[in-house]
Each structure stands twice: as structure tokens, then as C-alpha cells.
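Comments concern the structure below.
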Amino acid sequence: MASAALGGVAEAKTVIHVMHQGDPGWVATYGEIAKRFEAANPDVDVELIYAPHDAYNEKFSAAVMSKQLPDVMELDAPFLANYVWSGYLQPIKLLVDKDVIDDMTESNIAQGTYPIDKDLYAVGLTDSSVVLYGNKKYLEAIGARIPKSVDDAWTREEFEGYLEKLSTLEGVKWPIDTFRGYGIKTEWITYAYGPILQSAGCDLIDRKTWKSVGTLDGDPCVEALTMMQKWVTNGWVVPQSSGTNQFFAEGHPAALALGGHWFYAEAAASMKDDIVVMPLPKFGPKGASPNGTWIWGITTASEHPDIAGKFISFMLKDKLYRDYAREDSGYPGLKSFAADSPLYAAGGPMAVAFEQASKTAIARPPHPAYPAITSAFMGAVDEIFNGGDAKAALSKAAEKIDEDIEENDGYPPFDEQQ
Amino acid sequence: MTLQQTVRPAVIARSASRRDNGRLIQEIGMLAPAVILLTIFLAVPFLLSFWTAMTNQPLVPRPTPIRFVGFNNFLRIFRDELFWTSLWNVSRFTFWILPVQCGLAFATALLLHQKLPFRNLFRGLFFLPAITSMVVVCVIWGTLFQYPSGPFNQIIGFLSGGRIQPIDWLGDPNWAMFSIVLLSAWQAYGFQMIVYLAGLQGIPDELYDAARIDGANAFQRFWHVTMPGLRPTHVFVLVITTIQAFKLYTQVAILTQGGPKSSTETVVHYMVRSGFEEQKLGYASAVSVILFLIVLVIALLQRQLLRRFDV
Amino acid sequence: MSELAIPTLEAQVKSERSAIGSLRMVQTASILVIALVIVSPLFMLLIASLKDDRFQILADMGSFRAFWVSNPTLSNFAEIGNLSGELAFGRYLVNSLIILASTVGAGLIVNSMAGFVLAWGSLRGRALILSLVIALYVIPQESIIMPLVIMVSRAGMTDTFAVQIVPWIASPLYIFLFYQFFAQLPKELFEAAQIDGASVFRIYRSIFLPLSLPALATVSILMGIESWNQYLWPILVTQTDYARPIAVAIATFFGQDSIYWDRAMAASVLMMIPILALYLAFQRWFVSSFVGSAVKG
């Protein structure tokens, strides 16, 4: 990466700015990719802009307001609709290599698609999912059935029966960790608990009328959250202030863990072969699992969208990038990457997790009001888990969401979609 | 003195007024850099937010037009139960943090002011929490507070012979704010401590000597020399700690995010959530205007009150 | 005073000496206890920085094992020292030091001058200005940050050192602090100098400032910490590592899904060292005051 001081030398070059987040390993990897891209395209200069993920939204608005939007930006999938609606992203289907587009999994396409024009606005090498991890010894002790594929996932009755049995088993302090320890105002809440609602037959918002009242506060949602509240009040769930390590901490106090794909590396480091990976239970007629991660888009401010597209294609095919993602136990969003990831390939320990991507994955509501939707839902979950009335809390949240949509005149043209 | 007596009165008057003018210009010159910088980088952006507070401006510009909404944002804030909860919570926090943090700071400053062995080492140790970043502080205290078998609960269990049940410090709505108070006092008392240390240095040794000669004992010297000598410091510490308490944000954002059950929701956290998470900049600006007015009134009342006690 | 007073004073000093002896013991004991309570939480940070397995650190959290390391290693520190490219810590460290030194240096002058005029000036409306200054302290940084970003980007200050220094030089907090310290000094000091014909600036520069070492030290330390820990602002107004401070680099270890506890802790320890050095250097200025002799002289 050329530093600002050398700008004079690179006068004739085309400069593209790439904004990203990530830990030190990723930062170093992007640096290497940029160098290799510059070597392959001597007339292009890649300027990387790093922003820590916890300040990424703020950095993005600062960039918009100071008219310094980058050409390429990494973005969190659920915010895609908001960004597209606000006019900051452009379609990428014609800018990114066709073989990359064709390589995308269904879930990956879903997370990058804007519902109004059904066009693709972002692409990623990776995706994400949540599965049910189990402690093999405990599950054998209660004689639990171990599902082998998404199709024979536990039903709600099975799941709650096992929780009850585990609660009295010697050595088990808590039957399940749902990672309340991540916090109450973190995306985890909507990301991981939303699919439980969808599996139970409801949603955060009606995806046709884009109204939350009547859906989020409808009976199936109230019933689903009352069920979760019961797990908490029964003492079955690891409390919020007990950390996020109870599944693998000394003595293995938690028997199950409803955790993200990244949790596998943490748990396997100390549990070795004692982990079983299972699909998320079915709480109603159909299964549901979350998806979405940080993906790449091209902004409308870019003066060289073609080069920006070229950079994204180059990066997603880059071997070093893929190697690092694999090492980071990245969840595949491209089919060729899945085939190349022993962890997720057929027969691998996380194969079930990857199977969910094509069978049960549902994106979070692709609506520009998403920031308000997720914020309201988090508030309701905190209220309910601490003993509040589910119906009342969900009604309040649903009203808040609809109020936000109304204030923005229905986010046209979302108000016309039926 | 003798020199001045020989000068005629009229000359005195003229040179005095010239001196006054010169003095005034110098004073303005000395005040100007601060006033100009504060105006540009604090006052102007804040005045802009008075205007933003009257609009529906989003954080990130949107295709929908920005509208003037008058006092609508304010009315909606006043109707939101959560806002009143957050105001009540910061009041509770302030009530606790003032005696705990300032008391700890004052006590340690008095101790470290003595000529004790290894004084410099202790001064360094006592200041360590203040230079630890809040993220790390929250990681450490999150561990200490862990329920049910974190270090705090184990110590309490041990001391009480198991009679006291483990406390869910951060997860129980009745305890969460108190836990935040403990952590905050620990992290930030170093600030007040060094202000007190500086204040203690400002009291002339001669005053203590004089008190000794008058037969005052250690307590009397503390009460009649140290305390009055620190009066401006006390005022400063009290006013600043109160303002800081009302701005409580970082540790809550990291550790409890306002929960459980909104028991640690604070006004600034409420503002940041509406402004940055829900992206309603206009609404958030209105919250900050309200916070500004409330704390301003409190700070001014406090100064008036303290002044009255002094006289 | 009569002759009688002298033996009384001596007797008092004697009896006080033994009282002081026991007082010292109590003081030393309490200082040890407080030090233990204050410092022990930080011990965990140090211990974690000496473990090289981030998963082990995570597994140990929440129990006393967080306070114990069986085979300590400095590998985390070595690893941070070896980071290169966009995350070369040396670069960020130097940036932070430049920003800190300039902010504190300019801040001492600007804020102390203002505090002095507010305390001893003859300007009318000083009380009002002081109230306004305190009022400004009420404003949370979070509520002005976005308008400020627009202002500095329009001024073309993005990605510079200046943008991280200039806005934070003048501070209501430190003006108020200087004000209260100056106001505490005896009136005779100012009046005596005035009679000698010294100008306001001279009185400030040659008499009050030299007497204010404790206040200058306090403000240097506090401003230093504040500048050192600036995080959100530098992210918003800088794009490259050209002027970015160390706090931004440290944040990379606190990743999205999993935190690199080992290196995050080591980096946090490293980040404390320069500020601790600053504190230790300045705390020498907490010296006994010369005010009394200055008044007499």
C-alpha cells in the first residue's frame, strides 16, 4: 500500500479506496492482497481504510457526510437494504466476474440482494450460521437422539424434553448456553433468536406489507418468546453475567450451546472430540437458521466501478485470502470455497452447519428500517428474559418499528410493495 | 510607598487608566485563544445540534427530505418512559458515586500526601486504574463480577461461610447499577485523587506551623487548615464529578448496554442508541439538548449552594 | 507570646511525636490494604498478557485461575513488536506521542492563561464566562462529533495531525481546574506584584505559573490520558496509518466474533506504559508549596 507521502509518484495511477474492518490477521491479509493486486495491475493504486467493527457505522456516516466514501466497502449484510435504499451502493452483477457470481451459495445471494429490484449489491467469500453444539458425554448420559442432518433436527418437544433431563444431570449446571453473555444490545440477539421466531411460524416484520404490528406481537411470536422466557426462569439458560465460556470452561457447566460457527474453534480447542454439532431445532413446521456476515459492495461514489469490481473478483479468488479465511474457520459463501474447506465439506465436523445454508437459512428482514427493527427487538428480549410480559414487550417493540417506518414515509417504494 | 507619595494625584489617575487599558487588553489576549477554540470546536457544533434537534435528520443522509418538526422530538422524548428511567438511573448513579469516588479519592490523597516510606511507589500504584483503558477495565470487572462463581462471589461465600448466596452483580436489576458504581469509582478515583493532591500542595506549610503554635491537634489542624484550604478544590471536584456522572456512558455501553430491564440505561447511552444505532440524529440531538439544560441547572445550583455555605 | 508558651509547645510536640508514631502505623497499614484492593484486579490483566493461548484465557475467565499462569511467556509482546505493514505499532506509537505532546503542550498554555484571567483578571463578566465554561463541559463528545466531522472535512483537515490536536487544546475542564487552583493562592501574592508594577501577563508568567507546578502536573497527566485514549474521533477523521494513534491499532485485537485475548491483553499492558511514565515524571512536581515564602518575600 502506497502511503500518502508517496502520492506524488503515483500521479498517473488510478486510486481506489477500500474500506474494511477485521482483526490484525485480516488487516495484514488485505494489505498483502492490495499489494498483489497492484502488482497485477501496475496502473492501479489501492488505498486501504481500516475501521474497527464497533465504530464502523459511525465511520461510514462520517465518510458519507465528509464526501469521502470509498470505492469498495465491507458492510454488515443486514444493513445492505438501508444502504441501497439511501443510494450508497450500486448493483455489482456486471462489475464482478461472472464465475464469482455463479459460485455464490443461495444464502450468499440472499444476503446481497435488495428486495425492491431483486438485484445483487454485494458479494462475500464467507457467510455465517448458528448451530446447536452438544457435549457428547452429557447427551449420551440422557440417551438423546443425535441428528445427523438438517432434515432430522430435533423437534421442539424433543429439545425441551432434553433440556429438562439435562437440568437434573450430575455435572450440568445449565442445560444450554444461548450466549446471553454477548450482551443485550448486540446484533447477536436478533441474529440468533430471530430464526427461532421464524421456525415457530412468525417473524420480526411482515415481509410483504412491511408492518410489524400483527406479526411480531402475534400469537406465534408471543408463544415462542414465552417459551424462551420459561427456559430462562427454569434456570436452564446460562445467565447473562456468566460469561461466554461455560460450554468449555473447567467442568463443562453448560451441556448445549446455541452458538455461531466461529464458536467451534473456541470450543474444540479445549473439548476436542467431545463436541457434537447439530442443526438448530425445529420449533414449528419448518426449520430456520440465520445467515449474513460482512460482505463487499461498490459505492455509488466510485469513479472507477469497473476497477472496484475487478478488485473484488481478484480478492475473492485470491489464495492467501481463502487460506486465511479457512484458518479463521470462515463459513463458506462460495461453493468452491466450501469444497475446499475440510471443516464444512461433507463428512467434516461442521458439515451440518453448511447444510443449513441451502436448507433453512433466512436473511434478516431486508428493509431500510432494519436499524430500528433490531434495536426494538433487542429491547423486548431483555424485558422478557427478565420476567416482563411477552405480549406487552413485543407489542411495544412492534409499535416502535411501525412508528419508525411511518416517520420515514414508509421508506418508498417499500410502502408500495404488497 | 515614598515614591508614590511624591507623584501628583492627576498623573496617578492618568497612568492608572492607561495601565487599566493595557491590563484589559492583556487579559483579553490571554483569554482569547481558549475562547476562540472553545467557540469553534465546542459551542458552534453544539448550537448546530439545537437546530438538528428540531428536525427529523437521520444519521446518514437519506433520499427522504429533512423536515422541520419543531418541538416534536422533545415531546416524544418526554413521552418515552425509557428516557425518564434513564434520567432516574443517572441520578441514582450520581447519588452513589459522589460519596464513594470522592471519598476514596480524598482519603487516598490525604494518605499519599504524608511523608510515608515508598510514597512515590504508592502514588504510582494508586494511579494505575486511571490509566487503564475502559475496555480492559470492563473485561477485568466482568470477570470479577461473574455469576455465580466469579472471584467476588467466591470471596463473599468464603467470608460468610456460604450463608450469603451468590449475587448476580450485573444481571440482577437491583444490583446492576451498584456494580457499575463500584467499577466506576475504582477506575476513575485517580482523577479526583491527583486533583486533591495538587490542592493539598497548595496549602502553605506556614499555616500548619501557625496552627501548631496555637495548640491545635492533628484533627483540629485538619478541620481548620486543611479543609478550608481545600475549599475551591472541593467545589471543583463536586461539580466535575456530578457532571461526569450525568455523562455516564462507556462502561454501561460495554458491560450492560443499559440492561437488565433498563436498570442501567443512562441518558447518554439512550442518546447514542437513538442517534447511532437507530440513526435518528435529530432525536438524539434533542436528548443532548435536554441533558445539557438539566446538568447546567444542577451545576449552577451546586456552585451557588456551596458558595452560600462558604460565606 | 509569653515564656510559658515555649515549654507547652515542646511538651505538645513530644506527646505528638508518639501519637504520630502510632498514626504512621495506622496510615502505613491502611495504605497497604488499599493498595492491595486497588491493584489486584489489574494483576489479572498482567497474568493474561503472559499466557499464549487465547482460548485458555477465555476458559479461565470468571474464576481464580484468571489470576494464575503456570508457564509465563513474553511471546505476545514479541508478536506485537513484530507486526509490520499497515499495523506496525511503532508508527502508531510515534503518532500518539506527537499528538499527546502537542495537545498537552499547547493545552497547558491556553488553559492556564484563561484560568488565570478568570481567577485574577479585572475583566467584567468573568463569573459569567466561568459559568459558560462549566456549561460547555456538560456537552458530551458524542453529541457534537458528527457536526465536527463535517466542519473539519470542509476545512480540508482530514487525515492530519492537526485535526487530532487543535480541537482538544482548549478544554472547559482544565480551564476550570486552573481557575480553582489559581483562585486558591493568596491575594497578597497578586497585590504585591501589582504594586511592584508588574503586568498581568508578567504576574502570571513569573509568579503564579512557577507556583503552580502541582496544577501543571495534574493537567499534563489528565490531558495526556485523554489524548492517549482518543478512539472514536481519530477513526472518523483519519483514513490511513499516516496519523492514526495507538488506540485504533489496539482495537483491532478486539475483533468481531472472537477476541484475541492474548495479544489484546499484552497490547493493553504496553499501552499503559508510556502514560505511566508520564505520570511518574510529572508527579515529582507535587512538591511542597513555596507560597508562604513567596508571600513573605
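Across region B:149-175, what is the total count of residues that are in contact with a Gly (Cβ under 9 Å, 6 or more places away or on another chain) and more than 8 Å from chain C (Cβ to nearest Cβ)? Talk me through it step by step, then tell me what you get.
Kept after step one, since they are in contact with a Gly (Cβ under 9 Å, 6 or more places away or on another chain), are these residues of region B:149-175: B:149-151, B:163-166, B:169-171, B:173.
Add one more test, that the residue is more than 8 Å from chain C (Cβ to nearest Cβ), and what stays is B:163-166, B:169-171, B:173.
Residues flagged as in contact with a Gly (Cβ under 9 Å, 6 or more places away or on another chain) and more than 8 Å from chain C (Cβ to nearest Cβ) within region B:149-175 amount to 8.
Just to verify a result, which residue in region B:267-300, among those that are more than 30 Å from A:A62 (Cβ to Cβ) and at pLDDT 85 or above, is farthest from the chain's Cα centre (by Cα)?
The initial filter retains those residues of region B:267-300 that are more than 30 Å from A:A62 (Cβ to Cβ), namely B:297-300.
Filter once more, so that each one left must be at pLDDT 85 or above: B:297-298.
Numbers: B:V297: 15, B:I298: 12 Å.
Going through the qualifying residues, I end up with B:V297.
Going through region B:109-165 one residue at a time, which ones are of a type in the set (S, T, N, Q), under 28 Å from C:A251 (Cβ atoms) and in a helix (DSSP H, G or I)? So that I can check it myself, show each step before the final result.
First, the residues of region B:109-165 that are of a type in the set (S, T, N, Q): B:114, B:120, B:132-133, B:143, B:146, B:149, B:153-154, B:160, B:165.
Keeping just the survivors that are under 28 Å from C:A251 (Cβ atoms) gives B:132-133, B:143, B:146.
Hit for region B:109-165 is B:T143, nothing else.
Is it the case, given these coordinates, that C:V269 is within 25 Å of B:L128 (Cβ to Cβ), at pLDDT 85 or above, in a helix (DSSP H, G or I) and more than 8 Å from every other protein chain (Cβ to nearest Cβ)? Can you show your working first?
Numbers: within 25 Å of B:L128 (Cβ to Cβ): yes; at pLDDT 85 or above: yes; in a helix (DSSP H, G or I): yes; more than 8 Å from every other protein chain (Cβ to nearest Cβ): yes.
Yes; evaluated as a whole, the condition is true for this residue.
Specify the residue that is nearest to the chain's Cα centre (by Cα); the eligible residues are those in region C:254-266 that are at the interface with chain A (Cβ under 9 Å from one of its Cβ atoms) and more than 15 Å from A:Y56 (Cα to Cα).
At the first step, the residues of region C:254-266 found to be at the interface with chain A (Cβ under 9 Å from one of its Cβ atoms) are C:254-260, C:263.
Narrowing further to those that are more than 15 Å from A:Y56 (Cα to Cα): C:258-260, C:263.
On the way: C:S258: 32, C:I259: 28, C:Y260: 28, C:R263: 25 Å.
Checked region C:254-266; the qualifying residue nearest to the chain's Cα centre (by Cα) is C:R263.
So which residues in region A:223-253 are of a type in the set (A, V, I, L, M) and within 20 Å of C:F64 (Cβ to Cβ), if there are any at all? Please lay out each step first, then the result.
Of region A:223-253, the ones of a type in the set (A, V, I, L, M) are A:224-225, A:227-228, A:232, A:237-238, A:249.
Listed by number, the residues that qualify are A:V238, A:A249.
Identify, from the list B:F95, B:F83, the residue that is of a type in the set (A, V, I, L, M, F, W, C) and either outside any helix (DSSP H, G or I) or over 22 Å from C:Q141 (Cα atoms) (or both).
On the way: B:F83 fails: either outside any helix (DSSP H, G or I) or over 22 Å from C:Q141 (Cα atoms) (or both).
The unique qualifying residue is B:F95.
Which numbered condition trips up C:T103, out of (1) at the interface with chain B (Cβ under 9 Å from one of its Cβ atoms); (2) buried (at least 16 other Cβ atoms within 10 Å of the Cβ); (3) within 28 Å of B:V268 (Cβ to Cβ)?
Condition not satisfied by C:T103: (1).
Six or more apart or on different chains, Cβ under 6 Å: which pairs go from a residue in region C:184-201 that's away from chain B (no Cβ under 11 Å) to one that's in a helix (DSSP H, G or I) and modelled with pLDDT of 90 or more? Could you list them?
C:F190/C:W120; C:A193/C:I203; C:A193/C:I207
If you go through region C:219-233, how many residues are in a helix (DSSP H, G or I) and either among the acidic types (D, E) or in contact (Cβ under 8 Å) with a residue 60 or more places away in the chain (or both)? Explain how you work it out, then say what you get.
Step one: of region C:219-233, the residues in a helix (DSSP H, G or I) are C:219-229, C:232-233.
This time we only want the ones that are either among the acidic types (D, E) or in contact (Cβ under 8 Å) with a residue 60 or more places away in the chain (or both), so: C:219-221, C:223-224, C:226-228, C:232-233.
The qualifying residues number 10.
List the number of the failed condition for C:M61; all other conditions in (1) out of contact with any Gly (no Cβ under 9 Å at 6 or more places or on another chain); (2) within 14 Å of chain B (Cβ to nearest Cβ) hold.
Condition not satisfied by C:M61: (1).
What's the number of the condition B:Y208 fails, among (1) under 30 Å from the mean Cα position of the chain (by Cα); (2) closer than 22 Å to B:R123 by Cβ?
(1) is the only condition that B:Y208 fails.
So C:D241 ticks every box in (1) assigned to a helix (DSSP H, G or I); (2) more than 11 Å from chain B (Cβ to nearest Cβ) but one. Which box is left unticked?
(1)
How about region A:324-362: which of its residues are of a type in the set (F, W, Y) and either crowded, with 21+ Cβ neighbours inside 10 Å or modelled with pLDDT of 95 or more (or both)?
Going through region A:324-362, the residues of a type in the set (F, W, Y) turn out to be A:324, A:331, A:337, A:344, A:354.
Scanning region A:324-362 gives A:Y331, A:F337, A:Y344, A:F354.
Please go through region B:115-136 and pick out each residue that is among the aromatic types (F, W, Y) and within 7 Å of chain C (Cβ to nearest Cβ).
B:F122, B:F126, B:F127
What number goes with the only condition from (1) more than 11 Å from chain C (Cβ to nearest Cβ); (2) surrounded by fewer than 19 Cβ atoms within 10 Å (Cβ to Cβ) that A:K35 does not pass?
(1)
(1) part of a loop (DSSP other than H, G, I, E, B); (2) aliphatic (A, V, I, L, M); (3) in contact (Cβ under 8 Å) with a residue 60 or more places away in the chain: which one isn't true of A:M227, the others all being true?
Condition (1) is where A:M227 drops out.
Could you tell me which residue of region B:261-279 is farthest from the other protein chains (Cβ to nearest Cβ), considering only residues that are in a helix (DSSP H, G or I) and without any contact (Cβ under 8 Å) to a residue 40 or more places away in the chain?
Quick first cut of region B:261-279, residues in a helix (DSSP H, G or I) only: B:267-277.
Now drop any that are not without any contact (Cβ under 8 Å) to a residue 40 or more places away in the chain, which leaves B:268, B:271-274, B:277.
On the way: B:V268: 5, B:M271: 6, B:V272: 5, B:R273: 7, B:S274: 9, B:E277: 5 Å.
Step by step, filter region B:261-279, then rank; the result is B:S274.
Please enumerate the residues belonging to region B:285-302 that are closer than 20 Å to C:L128 by Cβ and either surrounded by 20 or more Cβ atoms within 10 Å (Cβ to Cβ) or at the interface with chain C (Cβ under 8 Å from one of its Cβ atoms) (or both).
Listed by number, the residues that qualify are B:F292, B:V295, B:L296, B:A299, B:L300.
Which is aliphatic (A, V, I, L, M), surrounded by fewer than 21 Cβ atoms within 10 Å (Cβ to Cβ) and either closer than 16 Å to B:F41 by Cβ or more than 14 Å from chain A (Cβ to nearest Cβ) (or both), of C:I98, C:I165? So that I can check it myself, show each step before the final result.
Details: C:I165 fails: surrounded by fewer than 21 Cβ atoms within 10 Å (Cβ to Cβ).
When all the criteria are applied, what remains is C:I98.
Mind checking which pairs have a first residue in region A:393-409 that is over 16 Å from A:W85 (Cα atoms) and a second that is among the hydroxyl-bearing types (S, T, Y), Cβ under 7 Å, 6 or more apart or different chains?
A:A398/A:S212; A:I401/A:S212; A:D402/A:S212
Evaluate region B:219-234: report whether one residue or more is in contact with a helix residue (DSSP H, G or I) (Cβ under 7 Å, 6 or more places away or on another chain) and farther than 30 Å from C:G21 by Cα.
Yes, region B:219-234 has at least one match.
Going by what's in this entry, would C:Q141 be described as more than 8 Å from every other protein chain (Cβ to nearest Cβ), under 22 Å from B:V297 (Cα atoms) and within 26 Å of the chain's Cα centre (by Cα)? Talk me through it step by step, then tell me what you get.
Values: more than 8 Å from every other protein chain (Cβ to nearest Cβ): yes; under 22 Å from B:V297 (Cα atoms): yes; within 26 Å of the chain's Cα centre (by Cα): yes.
Considered against the rule, which asks whether it is more than 8 Å from every other protein chain (Cβ to nearest Cβ), under 22 Å from B:V297 (Cα atoms) and within 26 Å of the chain's Cα centre (by Cα), C:Q141 comes out as yes.
Among the numbered conditions (1) under 29 Å from B:L170 (Cβ atoms); (2) in contact with a helix residue (DSSP H, G or I) (Cβ under 9 Å, 6 or more places away or on another chain); (3) more than 14 Å from every other protein chain (Cβ to nearest Cβ); (4) surrounded by 18 or more Cβ atoms within 10 Å (Cβ to Cβ), tell me where A:F159 comes up short.
A:F159 satisfies all of (1) under 29 Å from B:L170 (Cβ atoms); (2) in contact with a helix residue (DSSP H, G or I) (Cβ under 9 Å, 6 or more places away or on another chain); (3) more than 14 Å from every other protein chain (Cβ to nearest Cβ); (4) surrounded by 18 or more Cβ atoms within 10 Å (Cβ to Cβ) except (2).
Which residue, of A:S212, A:S128, is touching a residue at least 12 places away in the same chain (Cβ under 8 Å), within 30 Å of A:V96 (Cβ to Cβ) and not hydrophobic (A, V, I, L, M, F, W, C)?
Numbers: A:S212 fails: within 30 Å of A:V96 (Cβ to Cβ).
After applying the criteria, what remains is A:S128.
Restricting to region C:216-238, and then to whatever is β-branched (V, I, T) and more than 8 Å from chain A (Cβ to nearest Cβ), can you tell me which residue is farthest from C:M146 (Cα to Cα)? Even if it seems obvious, please write down each step before you answer.
Restricting attention to region C:216-238, the residues satisfying the condition of being β-branched (V, I, T) are C:218-219, C:221, C:225, C:235, C:237-238.
Applying the additional criterion that residues be more than 8 Å from chain A (Cβ to nearest Cβ) yields C:218-219, C:221, C:225, C:238.
On the way: C:T218: 30, C:V219: 27, C:I221: 28, C:I225: 23, C:T238: 14 Å.
Filtering region C:216-238 for residues that are β-branched (V, I, T) and more than 8 Å from chain A (Cβ to nearest Cβ), the one farthest from C:M146 (Cα to Cα) comes out as C:T218.
Give the residues of region C:58-94 that are modelled with pLDDT under 80, more than 28 Å from the chain's Cα centre (by Cα) and among the hydrophobic types (A, V, I, L, M, F, W, C), sorted by residue number.
Scanning region C:58-94 gives C:L58, C:A59, C:M61, C:F64, C:A66, C:L83.
Residues in region B:58-66: is at least one part of a helix (DSSP H, G or I) and polar (S, T, N, Q)? Steps first, answer last, please.
Residues of region B:58-66 that are part of a helix (DSSP H, G or I), as a first pass: none.
No, because not a single residue in region B:58-66 is part of a helix (DSSP H, G or I) and polar (S, T, N, Q).
So which of B:G282, B:G229, B:G202, B:G258 is in contact with a strand residue (DSSP E or B) (Cβ under 8 Å, 6 or more places away or on another chain) and either surrounded by fewer than 21 Cβ atoms within 10 Å (Cβ to Cβ) or in contact (Cβ under 8 Å) with a residue 12 or more places away in the chain (or both)?
B:G282
The values are calculated or read from the model by the stated rules, or taken from the named source; none is laboratory data. Because the structure is a prediction, the values reported are computed rather than measured. Cβ sites come from the backbone with ideal geometry, for glycine too, and all protein chains shown count toward neighbours.
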